[in-house]
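Here's the structure we're looking at; comments come further down.
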Amino acid sequence: MTEPAEAAAIDGWHAHVYYDAATRERAALLREWIATRFDTRLGRWHDLKVGPHPQSMYQVAFANSQFPTLVPFLVLNRMGLTVLVHPNTNRPRDDHLRHALWLGAVLELDASMLPEVSGGH
């Protein structure tokens with residue numbers, strides 16, 4: 001890379017909230033709080049591994065404009081849950097592995113599931 005990446009390349013964000021049987025109730029409460037406070041798209045519950053994610057999770061998709069309030073909310077209210085926050089730039093591998101923010105434990109994602117480039121977000 002010879003030039004810095006521009007923030008304009010970010011076309012929104014995803015947060016992945018990870019849980020297991022013991023923490024699913026907390027994940028549900030956090031999901032409810034997000035739904036009532038923020039303009040987001042809440043993805044389905046995935047009680048089994050899906051895509052590159054090593055454990056159960058749900059996704060929260062949100063616009064750049066939500067980042068300054070939603071991410072601090074997650075920092076303060078994740079109740080010990082692990083949350084992955086990543087941009088969507090059309091480079092899924094980099095977005096998940098290089099540009100990611102982890103709240104809590106850093107989990108190992110399955111990089112083989114992540115294409116270098118995608119046409120969609």
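Taking the criterion of being under 13 Å from the mean Cα position of the chain (by Cα), outside any helix (DSSP H, G or I) and at pLDDT 95 or above, would at least one residue in the stretch 21-39 satisfy it? No, there is no match, as no residue in the stretch 21-39 is under 13 Å from the mean Cα position of the chain (by Cα), outside any helix (DSSP H, G or I) and at pLDDT 95 or above.
The set of residues in the stretch 74-94 being surrounded by 16 or more Cβ atoms within 10 Å (Cβ to Cβ), part of a helix (DSSP H, G or I) and without any contact (Cβ under 8 Å) to a residue 40 or more places away in the chain consists of P92, R93, D94. Let me confirm something: among T40, T36, T23, which residue is exposed (fewer than 12 other Cβ atoms within 10 Å of the Cβ) and of a type in the set (S, T, N, Q)? The match here is T36. Taken as a whole, the condition of being surrounded by 13 or more Cβ atoms within 10 Å (Cβ to Cβ), touching a residue at least 60 places away in the same chain (Cβ under 8 Å) and either out of contact with any Gly (no Cβ under 7 Å at 6 or more places or on another chain) or on the phi > 0 side of the Ramachandran plot (or both) does not apply to W45. Out of the residues in the stretch 95-110 that are surrounded by fewer than 16 Cβ atoms within 10 Å (Cβ to Cβ) and among the acidic types (D, E), state the one that is nearest to V71 (Cα to Cα). Residue satisfying both the conditions and the ranking: E108.
The values are calculated or read from the model by the stated rules, or taken from the named source; none is laboratory data. Every value quoted in this text rests on a predicted model; they were computed, and no experiment measured them. Backbone-built Cβ (ideal geometry, glycine too); neighbour counts: all protein chains shown.
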